[in-house]
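The structure appears below as structure tokens.
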Amino acid sequence: MHYEPRVLKVIRAYPFQVFLLVDYVYLFESKDNGKVKALLDADPLAKDSFTRLGFDFKDSVALGLPEGKVVVHFAKEGDASALIEKLKPVESFTEAKEEEKTAVLKALEEQSGNAAQGFGRIFG
């Protein structure tokens, strides 16, 4: 038998975009803890909601920063301005300085590594 080679035609090629995850770190006074938590948990099914995206909400001491603040960290690809605008009504809203952001990201990475090791010991 003789087989003819088949030629596949590309009807339409779709371009794609690559987005990089950008880490956002914000600090709030501990007195605004309840307000911030309420904003983070509000409207969990919305397109731009912290609940769908995922976030870290921790005391600053647990992440190696000075006492008296809470830290909000989230990572998003593309535009995060809508999420940032949701946090701005809180009086003590401040963006973390570069050295604070670096310390927070390092501490979060260490904590997730410790958690993974713990699970490995349990199920390993």
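The values are calculated or read from the model by the stated rules, or taken from the named source; none is laboratory data. None of the values given here were measured: they were computed from a predicted structure. Here the Cβ positions follow ideal geometry from the backbone for every residue, glycine too, while neighbour counts run over all protein chains shown.
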Flagged in the stretch 68-88 as free of Cβ contacts under 8 Å to residues at least 12 places away in the same chain and not hydroxyl-bearing (Ser, Thr, Tyr), in numbering order, are 79, 85, 88
Go through the stretch 16-38 and give me each residue that's in contact with a Gly (Cβ under 7 Å, 6 or more places away or on another chain) and in a helix (DSSP H, G or I). 30
By residue number, the members of the stretch 92-124 that are at pLDDT 90 or above and of a type in the set (Phe, Trp, Tyr) are 93
Mind checking which pairs have a first residue in the stretch 27-42 that is free of Cβ contacts under 8 Å to residues at least 60 places away in the same chain and a second that is among the charged types (D, E, K, R), Cβ under 6 Å, 6 or more apart or different chains? 39/86
Given the condition assigned to a loop (DSSP other than H, G, I, E, B) and touching an Asp or Glu at 6+ places or on another chain (Cβ under 6 Å), answer yes or no: does some residue in the stretch 82-96 qualify? yes
Restricting attention to the stretch 39-79, and to residues there that are closer than 15 Å to residue 23 by Cα and in a helix (DSSP H, G or I), which single residue is modelled with the lowest pLDDT? 53
